[in-house]
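Colleague: The following block contains the structure, expressed as structure tokens.
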Amino acid sequence: MATFRAARLCAFLILGAIVLVTFIPCTANDFINWDDVAFVIGNPQISSLSLKSFVWMVTTFYQGAWHPFTWFSHAADLALWGTEPFFHHLVNVLIHVITTLLVATLFVKLQEARGLQRERVYIAAFTGALLFGVHPLRVESVAWVAERKDVLCAMFSVASLVFYLDYVRAPDGGQRPKYYVLSLVCFLFALLSKAMAMTLPLVLLVLDFFPLERLTVGSMRRAIVEKMPFILSAAGAATLNATAAAGGSGVPFWFVPLYMRTMNAFHSIFLYIKQSLYPQNLLPLYLIDRDLDYFGPRFVISMVLVLGVTGACIWRAMRRDKLWAALWFSYLIGLSPALGFFMSFRHSAADRYTYLPTLGLWLLVGMGTARLWEFLGGLHRGVHAAKAGLIACVMAAALAYTGHTRAQIGIWKSTETLWRHVIDRADHIPAVAYWHVGQELEGKGDMDQAISCYQTALSIDPSNPQYASGVASVVAKKGDRETALSMFKDIAERDPANGDHQANIARMYVLMDRYDEAVLHLERSLELDPKNRRGLLMLAFTHVNRGERDRGLSYYKRYLSEGYPRRGELDREFGLTREAEKGAAGVSR
């Protein structure tokens, strides 16, 4: 027994080490100007662990989602490490390593629930967990700092499943209530991290169906009552996130008709399986293409396959072969929130959506490997050579995935490398890819290439004022302020509710020393958005330049009250240096 425990511990350590080594290159990556800035390093609401920040985390629907524990995680990172990307990436990597070890534990317990032979259990569990852990589809969730919500949700969801299995298998009394509470608590943390966890109560019912064999017609009511705390929590989180999404910045629901959503969902179900087994041309954004024929061959074939597999699994389950139905329906249930039926979205698929839903697929791969191992053990000759060959095949697959994963991590090295990859590889290039590359080039001072990227983005999506603003901004930096002013005014006329456009117009007037006109447009920007960061800051600077120090100070204090970062030149101008130092000292404590 001691030898087996030592071997099991060694296997866990090796598994964790392989996944850690595979993903540790993430720590050399920068922040990506695609939610990393808006969510984390540029978000003043989580710049401290204050009571005001906690209230914001719990009540905000920022960016169309509700995930307070994820906000807390980012705020804790900022308090501990500041804006050093190494540690933010390292936390993501470590969470993924822990999740992989939990997946191995889950696979062991699921196999033990079926009463399988111990060697077969551990071969299946560690093979499946290894391939899951090093797979390139995990890169988006791990290498993208802003996707912390995905790795947190996965870790707590798998922990909840592990504790639920312990609860079911424990004898009445004793430790049983403790395991139930632990399962529920982990589920609550998963919901507080990302809404994708809302399907877990249905997955628990699938586990009751198989392999736990607890779900029958007579026991259905008891099983549902047992899950009521999970169901009510999921319903609450779903309601909050639906409210957040309704007020978010996604595209209008009508932009993607229901027939398009339905056929795309059928295609995505098989796309994720294909990409899991044979990952190819992975992208951070698969933009939905409204010009495709969604009743074309690949979509119709996907629909027929999904319906056919579903029918076959039900037919097998009616003949007491429940394994296939359990695996298939757990996959569909886990994937359902991301299939786009109810979301305002602009993408047809996303690698991150495969994190939890494909666990059943990797368990199946592990089970197949274990069955083959058992078969090879019955050979009369060459048993050891055959088993060594099987191990070599598993390791070769893991190495192939690892190589692809490390290459994929390199794509997430910086904003420019990420979006240049999209431009080079995507069949349907999104305008946002050119926009982000243009921003990077503008930051480097390459104005000609930057304006070319902005113009390309504008040609793809002429209705987006952001891309037109990019062109005007570069025109201004090249010295043609009158033309830029005219362009910003035209943009503001087409998008009158956006305060940033008024701030852009004001910036042009400031550059031309026309402060009275600048102030009028800055005040208009605050009428449209009283918390407009640029409007408040520019008004402070503008009034200082006009010699109106008191008015400048009032706007600067409004700016600071919103949690925006301090500006040293204004602190010195208003004699707030000591106050700033005290504030910084308070944060550090």
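The values are calculated or read from the model by the stated rules, or taken from the named source; none is laboratory data. Quick caveat: nothing in here was measured; it's all calculated off a predicted structure. Ideal geometry is used to build each Cβ from the backbone, glycine not excepted, and the neighbour counts take in all protein chains shown.
Colleague: Being without any contact (Cβ under 8 Å) to a residue 60 or more places away in the chain, within 30 Å of Leu212 (Cβ to Cβ) and of a type in the set (Ser, Thr, Tyr) narrows it down to one residue among Thr99, Thr83, Thr60; which is it?
Modeller: Details: Thr83 fails: within 30 Å of Leu212 (Cβ to Cβ); Thr60 fails: within 30 Å of Leu212 (Cβ to Cβ).
Within the list Thr99, Thr83, Thr60, the selection yields Thr99.
Colleague: Let me ask you something else. Determine which member of the set Lys489, Lys478 is more than 30 Å from Ser348 (Cα to Cα), at pLDDT below 90 and basic (Lys, Arg).
Modeller: Values: Lys489 fails: at pLDDT below 90.
Step by step, each of Lys489, Lys478 is checked, and only Lys478 is more than 30 Å from Ser348 (Cα to Cα), at pLDDT below 90 and basic (Lys, Arg).
Colleague: Tell me yes or no: at least one residue of region 432-453 is among the polar types (S, T, N, Q) and buried (at least 21 other Cβ atoms within 10 Å of the Cβ).
Modeller: No, the conditions are met nowhere in region 432-453.
Colleague: Restricting to region 458-475, and then to whatever is touching a Pro at 6+ places or on another chain (Cβ under 9 Å) and over 12 Å from His501 (Cα atoms), can you tell me which residue is surrounded by the fewest Cβ atoms within 10 Å (Cβ to Cβ)? Let's see the steps before the verdict.
Modeller: Quick first cut of region 458-475, residues touching a Pro at 6+ places or on another chain (Cβ under 9 Å) only: 460-461, 468.
Checking which are over 12 Å from His501 (Cα atoms) leaves us with 460-461.
Numbers: Ile460: 18, Asp461: 14.
For region 458-475, the residue satisfying everything is Asp461.
Colleague: Let me spell it out: the conditions are (1) part of a helix (DSSP H, G or I); (2) farther than 23 Å from Gly360 by Cα, and Leu191 meets all of them except one. Which number is the exception?
Modeller: The single condition Leu191 does not satisfy is (2).
Colleague: Let me ask something else. How many of the residues in region 444-492 are among the polar types (S, T, N, Q) and touching a Lys or Arg at 6+ places or on another chain (Cβ under 7 Å)?
Modeller: Total meeting the criteria: 0.
Results for (1) outside the structural domain of Glu119 (by TED's automatic domain parsing); (2) aromatic (Phe, Trp, Tyr); (3) over 35 Å from the mean Cα position of the chain (by Cα), shown as yes or no for each residue.
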position: Arg319; (1), (2), (3): no, no, yes
position: Asp351; (1), (2), (3): no, no, no
position: Leu356; (1), (2), (3): no, no, no
position: Val365; (1), (2), (3): no, no, no
position: Ala370; (1), (2), (3): no, no, no
position: Gly377; (1), (2), (3): no, no, yes
position: Tyr401; (1), (2), (3): no, yes, no
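Colleague: In addition: Check Ser160, Ser141 and return the single one that is modelled with pLDDT of 95 or more, assigned to a helix (DSSP H, G or I), buried (at least 21 other Cβ atoms within 10 Å of the Cβ) and in contact with an Asp or Glu (Cβ under 8 Å, 6 or more places away or on another chain).
Modeller: Numbers: Ser160 fails: in contact with an Asp or Glu (Cβ under 8 Å, 6 or more places away or on another chain).
When all the criteria are applied, what remains is Ser141.
Colleague: Take the conditions modelled with pLDDT under 90, β-branched (Val, Ile, Thr) and more than 26 Å from Pro530 (Cβ to Cβ) and apply them to Ile429. Does it pass?
Modeller: Criteria met by Ile429.
Colleague: Those residues that are of a type in the set (A, V, I, L, M), under 22 Å from Val151 (Cα atoms) and either touching a Ser or Thr at 6+ places or on another chain (Cβ under 6 Å) or crowded, with 23+ Cβ neighbours inside 10 Å (or both), I need them from region 340-377; list them, please.
Modeller: Within region 340-377, Ala349, Leu356, Leu359, Leu361, Leu363 qualify.
Colleague: State all residues of region 1-31 that are under 16 Å from Ile123 (Cα atoms), without any contact (Cβ under 8 Å) to a residue 12 or more places away in the chain and either touching a Ser or Thr at 6+ places or on another chain (Cβ under 7 Å) or of a type in the set (Gly, Ala, Ser) (or both); if no residue qualifies, say none.
Modeller: Ala6, Ala7
Colleague: For region 323-334, does any single residue satisfy the condition of being touching a Leu at 6+ places or on another chain (Cβ under 9 Å), in contact (Cβ under 8 Å) with a residue 12 or more places away in the chain and under 30 Å from Phe86 (Cα atoms)?
Modeller: no
Colleague: If you check Thr3 against the conditions, is it surrounded by fewer than 16 Cβ atoms within 10 Å (Cβ to Cβ), hydroxyl-bearing (Ser, Thr, Tyr), over 23 Å from Arg533 (Cα atoms) and at pLDDT below 95?
Modeller: Considered against the rule, which asks whether it is surrounded by fewer than 16 Cβ atoms within 10 Å (Cβ to Cβ), hydroxyl-bearing (Ser, Thr, Tyr), over 23 Å from Arg533 (Cα atoms) and at pLDDT below 95, Thr3 comes out as yes.
Colleague: Ser588 - would you say it is among the small types (Gly, Ala, Ser), within 33 Å of the chain's Cα centre (by Cα) and modelled with pLDDT of 90 or more?
Modeller: no
Colleague: When you go through (1) in a helix (DSSP H, G or I); (2) closer than 30 Å to Ser452 by Cβ one by one for Gly479, which number turns out not to apply?
Modeller: The number of the failed condition is (1).
Colleague: Given the criterion of a type in the set (A, V, I, L, M) and surrounded by 15 or more Cβ atoms within 10 Å (Cβ to Cβ), identify the matching residue among Val217, Val225, Val181, Val151.
Modeller: On the way: Val217 fails: surrounded by 15 or more Cβ atoms within 10 Å (Cβ to Cβ); Val225 fails: surrounded by 15 or more Cβ atoms within 10 Å (Cβ to Cβ); Val181 fails: surrounded by 15 or more Cβ atoms within 10 Å (Cβ to Cβ).
None of the other options fit; the residue is Val151.
Colleague: Test of understanding: among Gln117, Gln111, Gln175, which residue is at pLDDT below 95, crowded, with 24+ Cβ neighbours inside 10 Å and assigned by TED's automatic domain parsing to the domain that holds Pro201? Steps first, answer last, please.
Modeller: Details: Gln117 fails: crowded, with 24+ Cβ neighbours inside 10 Å; Gln175 fails: crowded, with 24+ Cβ neighbours inside 10 Å.
Matching residue, one of Gln117, Gln111, Gln175: Gln111.
Colleague: Sort through Leu106, Leu49 and tell me the only one that's outside any helix (DSSP H, G or I) and over 17 Å from the mean Cα position of the chain (by Cα).
Modeller: Criteria check complete, one pass: Leu49.
Colleague: Filter region 36-75 down to the residues that are closer than 20 Å to Val151 by Cα and among the hydroxyl-bearing types (Ser, Thr, Tyr) and list them by number.
Modeller: Tyr62, Thr70, Ser73
Colleague: What helices (runs of 4 or more DSSP H) lie completely within region 204-321 and have 2 or more residues being under 30 Å from His404 (Cβ atoms)? Break it down stepwise before answering.
Modeller: On the way: elements: 220-246, 258-277, 297-318.
Here the list reads 258-277, 297-318.
Colleague: Also, quick follow-up: Restricting to region 439-453, name every residue that is under 21 Å from Leu283 (Cα atoms) and over 24 Å from the mean Cα position of the chain (by Cα). Spell out how you get there, then give the answer.
Modeller: Here is the first cut: in region 439-453, the residues under 21 Å from Leu283 (Cα atoms) are 439-440, 453.
Cys453, the sole residue that qualifies.
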